[in-house]
Amino acid sequence: MKDFNPNRYAVIEEKNPREIVMLRGLGCTWRRCRFCDYHLDSAGDQTANFALNQRQLEKVTGIHGRLEVINSGSFVDLDEQTVALIQQTCLKKNIRQAHFECHWRHRDEIADFRKRFAEHGIELKIKTGVETFNSLFRESYLDKGITADSPEEIAKYFDEVCLLQGIPGQTAESMDSDIQTGLKHFERVCVNIMQENDRPVKPDPKVIQIFSKELYPKYIHNCRVDILMENTAFGVGGVVTHAK
Ligand code: SF4
């Protein structure tokens, strides 16, 4: 884990208003995506993780009735005490919708997780990082670890997608096509603009310029599209790159 002390709680006021907490768990078990150091925010000490997570969850007020939980991996990487506390917090603060992240490899664990929360009247929205629907590019260049080619198959499990844009090889057409595909098959799309880190895939300034000129104005007012020009745009995070 990198030595850093990011902000881990924020309130998002625009587009799908919600509170967001960045919790800590064991970390992503895939860890192979060639653009990501996000998984470095993790620790093997689940007691310490729970203590940290408890401090963040105490800040949740329920102001918007929705909570997004991110944790540098998938919800399965959180300890059981933390999951139970999220559930209790939702009930106590009258939060009826919670968002979690999940990698494709844990897709078969989603149904039971949804059921667990649904039994308490809490609807789950599960977000996954697809990055692009061009599966050949995604798997050969980004090493994302998604074995499905079609958006329909991914949408059987997931409600929301993250896309990674601003990297070499992308064009206005390819980025637009990915956003359109995301909007067609999923409830919400979150576009993460690539930011430099120590991993091999680097941001492409020309592609980011194209995004800013052609796609940002087209989608910035779309209430189903979040655009993160910087990885701290939701008010949480600090050093690591969000790309889950
Ligand atoms: S992008 Fe997500 S799945 Fe890929 S290594 Fe990072 S945390 Fe893991």
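I want to check the label-to-label distance for Ala233 and Asp108. Put each point 7 Å from Cα in the C-beta direction and report it in nm to one decimal.
Going by the 7 Å Cα→Cβ label model, 3.6 nm.
Which residue, Thr29, Cys223, Ile122, has the largest displacement toward the positive end of the dipole of the chain when charges sit on each Cβ (Lys, Arg +1; Asp, Glu -1)?
Highest projection toward the positive end goes to Ile122.
Please name whichever of Gln165, Ile193, Thr47 sits farthest to the positive end of the charge dipole of the chain, dipole taken about the Cα centre and charges placed at Cβ: Lys and Arg +1, Asp and Glu -1.
The residue sitting most towards the positive pole is Thr47.
Could you work out how much longer the chain between Ser140 and Lys156 gets when fully extended? Use 0.36 nm per residue separation minus the Cα distance between them, nm to one decimal.
On the way: separation 16, 0.36 × 16 = 5.76 nm, distance 2.35 nm.
Additional length available on full extension: 3.4 nm.
Past 19 Å, Cα to Cα: identify those pairs from Lys15/Lys206; Lys184/Lys206; Lys144/Lys202; Lys125/Lys184; Lys115/Lys144, in the order given.
Working: Lys15/Lys206 28 Å; Lys184/Lys206 27 Å; Lys144/Lys202 15 Å; Lys125/Lys184 17 Å; Lys115/Lys144 27 Å.
Flagged as over cut-off: Lys15/Lys206; Lys184/Lys206; Lys115/Lys144.
Based on the inverse mean of 1/r over its pairs of different Cα atoms, what is the Kirkwood hydrodynamic radius of the range 98-213, in Å?
Working: mean 1/r = 0.0666 Å⁻¹.
Hydrodynamic radius (Kirkwood, Cα only) of the range 98-213 equals 15.0 Å.
Let me know the charge dipole size of the chain about its Cα centre in debye, to the nearest 20, where only the beta-carbon of Lys, Arg (+1) and Asp, Glu (-1) is charged. Walk me through the numbers on the way to the answer.
Details: 33 positive and 36 negative charges, 75 e Å.
My answer is approximately 360 debye.
In the chain, if the dipole is taken from +1 on Lys/Arg beta carbons and -1 on Asp/Glu beta carbons about the Cα centre, which of Gln209, Val60, Val76 is farthest to the positive end?
Checked the options; the winner is Val60.
Can you tell me the relative contact order of the range 64-139? Whole percent, Cα pairs under 8 Å, sequence separation 6 or more.
Taking the mean separation of contacting Cα pairs over the length of the range 64-139, I get 33 percent.
Along the Cα-to-Cβ line of Gln54, 7 Å from the Cα, sits a label point; which residues in the range 4-33 have backbone N less than 17 Å from it?
23-25
At 222 nm, what value in deg cm²/dmol follows for the chain if DSSP H runs of at least 4 each add -39500 (n - 2.57) and the sum is divided by all its residues, to the nearest 500? Let's see the in-between values first.
Details: 7 runs with 63 residues, N = 244.
After summing the helix terms and dividing by the residues of the chain, the value is -7500 deg cm²/dmol.
Taking N as the number of residues in the chain, what value does Rg over Cα atoms divided by 2.2 N^0.38 Å take? Present the calculation step by step, with values, prior to reporting the outcome.
Details: Rg = 16.9 Å, N = 244, 2.2 N^0.38 = 17.8 Å.
With N residues counted in the chain, Rg over 2.2 N^0.38 Å equals 0.95.
Quote to one decimal, in nm, the extra length available between Arg96 and Asp198 on full extension: 0.36 nm per residue of separation minus the C-alpha distance between them.
On the way: separation 102, 0.36 × 102 = 36.72 nm, distance 3.83 nm.
Value of the extension gain: 32.9 nm.
Need the C-alpha centroid separation for the range 101-142 versus the range 197-221, integer Å.
About 24 Å separates the Cα centre of the range 101-142 from the one of the range 197-221.
Every number here is computed from the coordinates shown, using simple stated rules; none is lab data. Because the structure is predicted, anything quoted here is derived from the model rather than measured. Positions of Cβ are backbone-derived with ideal geometry, glycine not excepted, and every protein chain shown enters the neighbour counts.
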